[in-house]
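The values are calculated or read from the model by the stated rules, or taken from the named source; none is laboratory data. For clarity, every value in this text was computed on a predicted model and none was experimentally measured. Reconstructed Cβ throughout: ideal geometry from the backbone, glycine too, with neighbour counts over all protein chains shown.
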Amino acid sequence: MARASDAELFFFSPDWAPGNLSTLAEAADRALSESGLGLSFQAFARYEDLVGQLSTARPALVLVPGWVAAEHGENLQLRALLRPTRDGRDTYHKVLMTTKGVSSLAGLANATVAAAAHPGSIDYPASASGIRSLVGDGARILPVPKDIDALLALSFGQVDAALVTPAQFEILARVNPRGTDNLVELGRTPEVPLPRLYATRYIDDDGANRLAAGIAKLSSSSKGRQFINLLGFDEVKLLEITNEEDHVMADKTNRNEVER
Amino acid sequence: MIRSNWNKRGQRLALLAATTALLMAASMALTVGTAVAGVIIVKSDDLPQYTPPATAFRQASKRESVEVVLRSRLDQGDSEFLKQAASTMQPSAVFALGSRAAIAAREAFPETPLVFAMALGWSRNITTDGATTGVSVELPTADLFVRFKLIIPGLHRIGLITSDSNSDTVDEARAAASGLGLEILHETVGHHDEVAGAYRRMRSRIDALWMVPDPVVVTRENFDYLSTRCRNDGVAFLAFSENFVKAGALLSVAPSYSTMGSQAALLVEQLITDPNNVPPVQSPLGAKLVVNADTAMALGLDLNATTIHMADRVITPTREDF
């Protein structure tokens, strides 16, 4: 059982691609050091690396999408602790933008689609459910660092479509209305739950709750807020768990969302 | 389909020196003496900046690959050694990092699909006849300008100081600016001593100064002068390298090397599956944005959550990155 004073937090979120994982790690070190939680942070770009580490390391906490929790929930005895939100919501979707000349998804059968993702994780379930459900297996998926890269590639005619958050499209449209006039939304992914923070079997409930409370307060400091933002969230909220069934977050809701 | 604005132009150069050769640096699961199909990743040198595109390529490509690094030696030419090093392989494609690697690969494997990246001045050095394509190093100017506007919403007039040798850059800047509601104010200098005067003539009429890689303009003294003056004058100083941002420029935008590797992986697949339909050389599709929060604060720019999300690195007032 890990002591809460030297616990480790694993992070994996293939649908959210901060440009540089080392930057995220640096931000985490600063925020967690300032918080005094005694928690260290490890981000993974590739699912295989996460799985490999889960088989040998003993992380106290994992911050992962629902489909990962579903995959490892039983073995790690995951208990959900925190619910991150972005723009006040704990789910998100992406829109498939293309140019006005493309009127149906069938028109993108052999297209190149730019999407924010880590290069090695584009085919994992959450990413795949978003992209493949829209454009099928024939499309070539090009992972780029951020939504804005995908949008610019589309607006400059370098790819056929871009999978992005609606908010990022609106930002670009404000700055470059002429460049986005020709872009249209062709489809959207199902609502996908944001990753959640889970305690593992390597930490007891008291220690896990103490860490969760500390993480939930990170947003009150500048460094903590920067870290939370780089994870792709605006804030993180403690989950109010009412029964054991809710507590096990290898939950079917998440799994159904990504498998739809 | 991927398109590019780049023209196919350029002449093949002879191999740079007869006094260079290759060393096999690393290999993955190769059995000597057995023909192996896969992709050869050839690096011009053992440079750290080649690692991100090579790694991203391997992650994005489903094909097995081996890696060869070129290094200087006295007794063997590049292509000769590459042939020797790859004598047990039947490469289905080559991914070349750097011009030297691309030239050597094309000579060693004239019929094999070749995709290059990280090749400065590729259009002068690499012939794109046959099944050859690649990813250029330079971000399109319009792409850069949109990113500038995302960070500086009030941007309208951009100052640009260049030597005569950079007239292409000025033409491209003017063309890109016109489509974005921007205006370029340009000064030409013949000597690095003239840069300060050129800046003083334009400073009251510009919102930002865009520094491009021009050896006449970019000297240590000029950078220090422009960085300080821009800050005092409320002019956003836009650079092309993270090091300049650390030294006081507002921001830099540079291509994402990892994304180049992902692009190359797609291009390799296209060349292998349809070698008669060679895609044109692409522009890089991802960028790394670095912002100096201290300078942004001095300019009165709001570094909100949206800006931070767009930035790959924000250098803080305490000189600590996050």
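The table for this structure:
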| item | result |
| --- | --- |
| Members of region B:119-177 that are free of Cβ contacts under 8 Å to residues at least 24 places away in the same chain, surrounded by 22 or more Cβ atoms within 10 Å (Cβ to Cβ) and charged (D, E, K, R) | none |
| Members of region A:33-47 that are on the phi > 0 side of the Ramachandran plot and surrounded by 15 or more Cβ atoms within 10 Å (Cβ to Cβ) | A:38 |
| Some residue of region B:7-27 being under 18 Å from the mean Cα position of the chain (by Cα), outside any helix (DSSP H, G or I), at pLDDT below 50 and of a type in the set (S, T, N, Q) | yes |
| Of all residues making up region A:56-106, the number that are of a type in the set (Phe, Trp, Tyr) and touching a helix residue (DSSP H, G or I) at 6+ places or on another chain (Cβ under 6 Å) | 1 |
| Criterion violated by residue B:148 - all others in (1) of a type outside the set (Val, Ile, Thr); (2) under 30 Å from residue A:177 (Cβ atoms); (3) assigned by TED's automatic domain parsing to the domain that holds residue B:217 satisfied | (3) |
| Residue ID - farthest from the other protein chains (Cβ to nearest Cβ), chosen from residues in region A:150-178 that are touching a residue at least 12 places away in the same chain (Cβ under 8 Å) and farther than 22 Å from residue B:283 by Cα | A:166 |
| Odd one out for residue A:222 among (1) assigned by TED's automatic domain parsing to the domain that holds residue A:33; (2) in contact (Cβ under 8 Å) with a residue 12 or more places away in the chain | (2) |
| Residue ID - farthest from the chain's Cα centre (by Cα), chosen from residues in region B:118-139 that are part of a loop (DSSP other than H, G, I, E, B) and closer than 25 Å to residue B:189 by Cβ | B:121 |
| Residue count, region B:178-210 (criterion: outside any strand (DSSP E or B), surrounded by 15 or more Cβ atoms within 10 Å (Cβ to Cβ) and touching a residue at least 40 places away in the same chain (Cβ under 8 Å)) | 5 |
| Flag if residue B:81 is at pLDDT 75 or above, in the same structural domain as residue B:132 (by TED's automatic domain parsing), surrounded by 17 or more Cβ atoms within 10 Å (Cβ to Cβ) and over 23 Å from residue A:140 (Cβ atoms) | yes |
| Single residue of region B:179-230 satisfying the filter (within 14 Å of chain A (Cβ to nearest Cβ) and within 13 Å of residue B:157 (Cβ to Cβ)) that is farthest from the chain's Cα centre (by Cα) | B:181 |
| So residue A:172, is it crowded, with 21+ Cβ neighbours inside 10 Å, farther than 30 Å from residue A:40 by Cα and not charged (D, E, K, R) | yes |
| Residue within region B:99-112 that is in a helix (DSSP H, G or I), of a type in the set (Val, Ile, Thr) and at negative phi present | yes |
| Pick from region A:178-195, criterion surrounded by fewer than 18 Cβ atoms within 10 Å (Cβ to Cβ) and either of a type in the set (D, E, K, R) or over 22 Å from the mean Cα position of the chain (by Cα) (or both), ranking: farthest from residue A:55 (Cα to Cα) | A:178 |
| Residues being modelled with pLDDT of 90 or more and part of a helix (DSSP H, G or I) - total across region A:139-163 | 8 |
| Which numbered condition residue A:198 misses (of (1) of a type in the set (Phe, Trp, Tyr); (2) over 17 Å from the mean Cα position of the chain (by Cα); (3) not in a loop (DSSP other than H, G, I, E, B)) | (2) |
| Selection status of residue B:264, of a type in the set (A, V, I, L, M, F, W, C), within 21 Å of residue B:312 (Cβ to Cβ), crowded, with 21+ Cβ neighbours inside 10 Å and not assigned by TED's automatic domain parsing to the domain that holds residue B:43 | no |
| Residue B:144 being part of a loop (DSSP other than H, G, I, E, B), within 14 Å of another protein chain (Cβ to nearest Cβ) and either within 30 Å of residue B:184 (Cα to Cα) or touching a His at 6+ places or on another chain (Cβ under 7 Å) (or both) | no |
| Single condition residue B:93 does not satisfy, out of (1) crowded, with 22+ Cβ neighbours inside 10 Å; (2) modelled with pLDDT under 70 | (2) |
| Considering residues of region B:268-288 that are at the interface with chain A (Cβ under 10 Å from one of its Cβ atoms) and in contact with a Pro (Cβ under 8 Å, 6 or more places away or on another chain) only, the residue farthest from residue B:138 (Cα to Cα) | B:270 |
| Hits in region A:108-119 - residues which are crowded, with 21+ Cβ neighbours inside 10 Å and at pLDDT below 85 | A:108, A:116, A:117, A:118, A:119 |
| Some residue of region B:149-172 being in contact with a Phe, Trp or Tyr (Cβ under 9 Å, 6 or more places away or on another chain) and part of a helix (DSSP H, G or I) | no |
| Residue, farthest from the other protein chains (Cβ to nearest Cβ), within region A:22-47, restricted to residues that are within 19 Å of the chain's Cα centre (by Cα), part of a helix (DSSP H, G or I) and in contact (Cβ under 8 Å) with a residue 40 or more places away in the chain | A:47 |
| Search result, residues across region B:62-78 that are among the acidic types (Asp, Glu) and at pLDDT below 75 | B:75 |
| Condition met for residue A:217 (among the basic types (Lys, Arg), away from chain B (no Cβ under 14 Å) and closer than 21 Å to residue A:27 by Cβ) | yes |
